[in-house]
Amino acid sequence: MWRIYECLTIDHDPWLLLIAVFVCVLGSFASMHTAIRARVGTQPVLWTSLAAVSCGLTVWSTHFIAMLAFRTEVPISFDLALTVLSALIGIVGFGIGLFVIRYHRDRPSLFAAGATVGISISCLHYIGMSGVTIPGTISFDMNYVAASIIAAIILGGLTFSASFCLRAAPRILEASIGLILTTVALHFTGMAAVSIQMGLYPDNFSDGVSRDLLIAAVAVASLSVILIGACALLVDNRVAKRLAEEARRFRTLSDSAFEGVAIFKGQQVVDCNKRLEDLLQTDRDKILTTPILDWVVLESRARAMRLFTDMTFDDVEQVNIMSARGRNIVAEIQVRPIMLANDEAALVLVVRDVTAQRQSEKQIEYLAYHDQLTGLPNQRMFDTLAAKSMATADRHGQKFALMMLDLDGFKAVNDVRGHKAGDQVLQRVGQLLQGVIRNEDVVARRSGDEFVILQAAAGQPEQADALASRILQAFDEPLHLEDGDEQVTASIGIAIYPDDGDNLDVLMRNADTAMYEAKKDGKATSRFFKAKMDEDARYRRQVESQLKQALANNQLELHFQPLINSKTGRVMSFEALVRWEDPIFGRMSPGEFIPIAEQTGLIIPLGDWALEEACRVLTTLPDDIRVAVNLSPVQFRRPGLKDRVVELLDKYGLSGSRLELEVTESLLIEDTDSVCQTLSALKELGVGISMDDFGTGFSSLSYLRSFPFDKLKIDRVFIQDMQTGEKGHSIVAAITALAKNLGMQVVAEGVEEAEQALALDQLDCDLLQGFLYARPMASNDISGFLSTHHAGAERQVLVSAAE
């Protein structure tokens, strides 16, 4: 080391030595910049060749400037061939090393490339030294020679492996310093090995390159290095600007994406877009310093890790991510390989927030299987659960109950209090049923005001009976609505699997049949399915089918029964009565098919047909004859009744006073105000209003006071009782007197004997109707009946009966 120190401080001219160091430093930075451009840029052969020339000439210039700085007492010259050869060896050596690092990035290959450069620098130095010509001889201390070569190989290998390794971007500073140290260490260690023995001038001394010529060559080489470095820097700046602009555009595009994007190596994120920052509710620095799996919740990490490690680039995994602010994000992630600018392999992670989408899917799935109003399972979900219950029952030899529940009078709640109140009733009923059943039972809303319950329990049918009792008891309490309480009841039909049906359709139908039997039996009760119910239900369904055909094929008729003035015997009006002769059932009584029509809704087209047919027949009758038509409560509550009456009166050119409408007491118990308004509107048209079958329904004196009736029809039951005892006579007398006092006409139905007619006349009953005068007749027979039954003849009948 002391010898090297003496070589630097004593044997060399310090000013030339500083020039050598300056050239070495400047040339090394320019050369390494060119080398890195060659490694990562385009046109690798051109740039690698330029880098090799620059590096070789840098070392060569440094060597020979330092040689010129070496102090000797005698003139020296340089062998031209060996001097040129030393430059070429340096260029070739650097070319080999730089081509290696272009295509190989592992440390052993990089170290080998650097060692090759170290050897070439050693060859450059010692070949250049061998070309020195002096008057005497030059000898070398082989220990220093060996040390210089080893130092050059080690420093060259370390420089390349540290500066061009795979896991980091190329480092210009480290590479340049490494090249400087390699060059300086080799040269001055090698120069410390030199010993000069003075002697005679050799014969070829004058043929060598002079000191001045070598200085010129070194200057040219140095300028070449600077020029190459400047070109590399210029190109690099342009490329850098272009890359920066492309990076800016890419960043803008990336930040505009709907997905979060991160580039990561191992578990470390090296870059991310703005969308990922927003998604994770944090800043970029936090993302770059946090291992990527730390954002994934524990339950999802295995799936994410599998995606990262298996490199299944076409797969998409759903994971849960926890943001910095604690938001749980449902995300779809996908990875793709990417090569970074320094040719390092990495992965691109794409994160798509599907939280809202998954919530929407869950909501859609929920709505597909649940009733939106009550939140109960709907028919679709109930069918699925029932199928599972049937499979379980079959497997274990068990039974279960299926209960059909329908609210009594629910339509009146809608009509009176509005649909909002009706919806609240359904919601409260759903809550009530859920509170009564057990956790293992199922209650679902079927449709409208119908609910269905599945009770999978041992001990059937006893358990079903007990549950039905609890439900009916729960309905004893009023339902609390926003604008007041509402009292409703329910009818329940029960079918047992597999006794009452071995599949769901049969079981549902039979429970439905039992429920309608409960309604027929007075409502607010429950009934178990019986085989006879099924027979009755099939009969009703067949009647319904035939009635539909009868309406479609005009197979119905109206017959007319006269109403006779008890004083004069004159025909005052006719009551229109529907008659049906069916091809299968024969003559059907209205008492058989009218209730079925009301249950199935066929009463609407049936009633409308009867009303129009009565108006048509009225046009064929004398102007002083009226026709009365019965209105079903279902038909009466249907919107547009008044408009329909007006339409028919206009169509057939009739006065409203020629038409009468008969309603029953059952109409009056629901929505009193609405019914009164409709009746009043009809009376404004001149239409007469009659209360039919008075005394057989929910009779109330308040109805007679509240509603504008023109006539009161006493049911035939009371007329028949007049002859069996005083009570019957007294009841008819009381009804007649009451109606008279209220300004109503009184009609007696079912008058079949003259004694009845006489008694009714004495009670001042206005109109009589019954078989005593005529049975219901076809419209074609009315004209003949009127011509043969004049008022005098009818009066004579009464006189004869009195005698």
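Projecting the Cα atoms of 378, 463, 407 onto the dipole axis of the stretch 369-528, where Lys and Arg carry +1 and Asp and Glu carry -1 at the beta carbon, places 378 farthest toward the positive end.
Contour minus end-to-end for residue 103 and residue 324, with contour as 0.36 nm per residue of separation and end-to-end as the Cα-Cα distance? Spell out each step's value before the answer.
Working: separation 221, 0.36 × 221 = 79.56 nm, distance 4.22 nm.
Taking 0.36 nm per residue and subtracting the Cα distance, the gain is 75.3 nm.
In debye to the nearest 20, how big a dipole does the stretch 369-528 give about its Cα centre with +1 on each Lys and Arg Cβ and -1 on each Asp and Glu Cβ? Don't skip to the answer; put the middle values down first.
Working: 17 positive and 26 negative charges, 50 e Å.
Around 240 debye, computed over the stretch 369-528.
Could you sort 609, 295 by their accessible area in this structure, using a 1.4 Å probe and putting the largest first? Before the final figure, lay out each step's value.
On the way: 609 55, 295 25 Å².
Output order, biggest surface exposure first: 609, 295.
With θ taken as phi - 60° and the Karplus curve 6.51 cos²θ - 1.76 cosθ + 1.60 applied, the whole-hertz 3J(HN,Hα) list for the stretch 430-442 is x, 5, 4, 5, 5, x, 8, 6, 7, 4, 7, 7, 10 Hz, x standing for glycine and proline. Against the criterion of solvent-accessible heavy-atom surface with a 1.4 angstrom probe, 332, 344 sort, most first, into 332, 344.
Seen through its C-alpha gyration tensor, with square-root eigenvalues sorted a ≥ b ≥ c, the stretch 553-799 comes out rounded because a/c lies under 1.5.
Per residue, the stretch 553-799 exposes an accessible area of 44 Å² to a 1.4 Å probe, with every protein chain left in place.
Karplus-based coupling profile of the stretch 107-117, in residue order and whole Hz: 4, x, 5, 5, 5, 5, 5, x, 5, 4, 4, with θ = phi - 60° in 6.51 cos²θ - 1.76 cosθ + 1.60 and x standing for Gly or Pro.
Leaving out ligands and nucleic acids, and using a 1.4 Å probe, what accessible area per residue does the stretch 369-528 come to in Å²?
Numbers: 7170 Å² over 160 residues.
Result: 45 Å² per residue.
Summary value for the stretch 256-358: 27 percent relative contact order, contacts being C-alpha pairs under 8 angstrom separated by 6+ residues. Ordering 629, 737, 600 by Cα displacement along the dipole of the stretch 553-799 toward the positive end leaves 737 in first place; charges were set at the Cβ atoms of Lys, Arg (+1) and Asp, Glu (-1).
Figure note: 680, 730 ranked by solvent-accessible area, largest first, 1.4 Å probe, ligands and nucleic acids not counted: 730, 680.
Nearest 0.05, what FRET efficiency do residue 568 and residue 643 give at R0 = 22 Å with Cβ-Cβ as r?
Details: r = 37 Å, r/R0 = 1.67.
Efficiency computed from Cβ-Cβ geometry: 0.05.
The Cα-based radius of gyration and maximum Cα-Cα distance (Dmax) for the stretch 328-468 are 24.1, 81 Å. Overall, the ratio between the Cα radius of gyration of the stretch 563-652 and 2.2 N^0.38 Å, rounded to two decimals, is 1.24. Dividing the radius of gyration of the alpha carbons in the stretch 256-358 by their Kirkwood radius gives 0.93 for Rg/Rh. Ranked by the mean number of other Cβ atoms within 10 Å of their residues, highest first, the peptides 391-402, 594-605, 561-572 come out as 561-572, 594-605, 391-402.
The values are calculated or read from the model by the stated rules, or taken from the named source; none is laboratory data. Just so we're clear, the structure is a prediction, and the values are computed from it rather than from any experiment. Glycine gets a Cβ as well: all are built from the backbone with ideal geometry, and neighbour counts include every protein chain shown. Note: areas computed on protein heavy atoms with side chains; ligands, DNA, RNA excluded. Shrake-Rupley method; radii C 1.70, N 1.55, O 1.52, S 1.80 Å.
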